[in-house]
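Each remark here refers to the structure printed beneath this line.
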Amino acid sequence: MKKISTLSATQIRTRRGIFTLGVTTLLSGLVFVVLPKDPQNTSFGFLLGGEWELFRQWDVNSRTGAAIFVALSLACTIYGYLRFLKDKKSLAFTLIGGFSLLMAFLCWAGNGKFIPFTGIVAGGLVLAVPLIFGAMAGVICERSGVINIAIEGQLLAAAFAAGVVASLTKSTFWGLLVAPIAGALISVILATFAIKYQIDQVILGFVINVLVIGITGFFYKKLLIPYQETWNTGPILQPIKIPLLSKIPILGPILFHQTIIVYLMYAAVALTHYYLFKTRWGLRTRAVGEHPTAADSVGIKVNALRFRNVIIAGAVAGLGGAYFTVGAVGAFSKEMTAGKGFIALAALIFGRWSPLGAVAAALLFGFADNLQVVLSIIGTGIPSEFLLMVPYIATIIAVSGFVGRVRAPAADGIPYSRGGTH
């Protein structure tokens, strides 16, 4: 009976995705193909510079291009539904259909304009960096059974520490080195009160965020502004080209011409996934997040492991915080993380508490964030206020059940006392 229930939930989720894709495809056909008047060419750029040239630019009539991609999405919807009737997986076709609708939208939005497609993707990857580090921190914490609402505070504290230290030493190395330490120190507060004193973890996370915002805001006003040249004018990391790989057409400059923070992000994702699912530490971590009593019964020190994991997660989030200062602008500004910690939390939920799923969701949010910037610059007919809402709308959709019902680790947010209940 349990297996039947699981299959039923999967089928409901799949049917919902196919239905949504179908309705969106029909609406897109109306808005992007039928209604527009005076269609002109949309130019897509696929060359950033320095890579081997596969093709430089694609010029297509906006209506024709939109019609092609809407038709492709419709084909994916129909074929995906047929596979659904045969009880076969159709996720790949749903994803292809969703990408086709994105291209149809770009054909329509770029009517008579140039859209640097490769640049949008590259910028989206960079903007996703703090989200991915934050999501990895959330995965480690919540797989251990501790809710980490304090990702925002960890990012902000690390951004402050990295910016100040880099400014004082005039070295990005020391700024990057101190960032995970700052994130870990915030996690010590979270772990102490959540695990040792069993404070409500959601409320605690918000309190920590407010605390960090207050402390960094105070020092920003009293120290960083009056003595900006000394305390708040730091260097930034420079991109590093990986030989040969950076020459690969389209993907090369996106993935392999980045700063050290992006390469550390690749490593963080790979190591988190590997250690969580392929090592004894990962098995124990998942055990204390799902069944702490059973884990305790076989000799695992539940709270000690949770405490260590929360601190590790804080260090990971700290690397993401360094992006805001040494990885981007050099100087710290008040509340510069701007809610990215909460978007990282949404990516964690959207990705179903899986490292790779959280990465995919974070990349989606980063792409949406960069897309609104590019569309504002090239000047589309879409109001700028609406474009600014795009990343947050995507976040709301992610956590509103659009992706189907998700289940957190069973003991997530529940303090554990040996011999007590959990």
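Since every read-out is calculated from the coordinates, none of them should be taken as a lab result. What you are looking at is a predicted structure, and each value in this text was computed from that prediction instead of being measured. We place every Cβ from the backbone using ideal geometry, glycine too, and count neighbours over all the protein chains shown.
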- Note on the structure: Extension length gain for Gln198 and Ala294 (0.36 nm per residue less Cα distance), in nm, is 32.6 nm
- Query: Remind me, relative contact order of the chain in percent, using alpha carbon pairs under 8 angstrom and six or more residues apart?
  - Reply: 24
- Taking r as the C-beta separation of Ile414 and Val188 and R0 as 25 Å, the FRET efficiency to the nearest 0.05 is 0.75
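What's the magnitude of the charge dipole for region 118-399 around its Cα centre, counting Lys and Arg as +1 and Asp and Glu as -1 at the beta-carbon? Answer in Debye, nearest 20. List each step's numbers first, then the result.
Working: 17 positive and 9 negative charges, 144 e Å.
Charge dipole, region 118-399, about its Cα centre: 700 debye, nearest 20.
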- Over the chain: helical MRE at 222 nm, DSSP H runs n ≥ 4 each giving -39500 (n - 2.57), nearest 500: -21500 deg cm²/dmol
- Item | Other-chain or far-sequence residues with amide H under 5 Å of Asn61's (modelled H) | Thr42
- Task: Please list, or write none, the lysines whose alpha carbon is within less than 24 Å of the alpha carbon of Lys86, excluding same-chain residues fewer than 8 places away.
- Result: Lys2, Lys3
- About its Cα centre, region 2-115 carries a charge dipole, from +1 on Lys and Arg Cβ atoms and -1 on Asp and Glu Cβ atoms, whose size in debye to the nearest 20 is 820
- 29 Å Cα-Cα reach of Lys170 towards lysines, excluding residues that sit fewer than 8 places from it in its own chain: Lys221, Lys222, Lys241, Lys334, Lys340
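Enumerate the helices in the chain for which the Kyte-Doolittle hydropathy averages 0.5 or more and the C-alpha atoms extend at least 18 Å along the helix's axis, using complete DSSP H runs. Show your work: numbers first, answer last.
Details: long enough: 2-28 (39 Å, 0.20); 62-85 (35 Å, 1.18); 91-109 (27 Å, 2.03); 117-143 (36 Å, 1.73); 151-169 (27 Å, 1.51); 172-191 (29 Å, 2.11); 201-219 (27 Å, 2.21); 260-278 (26 Å, 1.36); 302-322 (31 Å, 1.11); 355-378 (34 Å, 1.73); 384-399 (24 Å, 1.87).
Helices passing the filter in the chain: 62-85, 91-109, 117-143, 151-169, 172-191, 201-219, 260-278, 302-322, 355-378, 384-399.
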- Can you bin region 104-187 into rounded, prolate or oblate? Criterion: square roots of the alpha carbon gyration tensor eigenvalues sorted a ≥ b ≥ c, rounded for a/c under 1.5, prolate for a/b above b/c, oblate for the rest. oblate
- If each of Leu251 and Thr20 carries a label point 7 Å out from its Cα toward its Cβ, how far apart are those two points in nm? 2.7
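Return an integer: the convex hull volume of the alpha-carbon atoms of region 2-115, in Å³ per residue. Provide the component values of the computation, followed by the final result.
Details: hull volume 13.1 nm³, N = 114.
That works out to 115 Å³ per residue.
Work out, in µm²/s and without decimals, the Stokes-Einstein translational diffusion coefficient of the chain at 25 °C, 0.890 mPa s, Rh from Kirkwood over C-alpha pairs. It would help to have the intermediate numbers written out before the result.
Values: Rh = 23.1 Å.
The Stokes-Einstein estimate is 106 µm²/s.
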- Give me the lysines in straight-line cross-link reach of Lys301: C-alpha distance below 27 Å, same-chain residues under 8 apart excluded. Lys196, Lys278
- Message: Loop-only trypsin sites (Lys or Arg not before Pro) in region 165-251, please: DSSP not H, G, I, E or B, and at most 16 other Cβ atoms within 10 Å.
- Response: Lys170
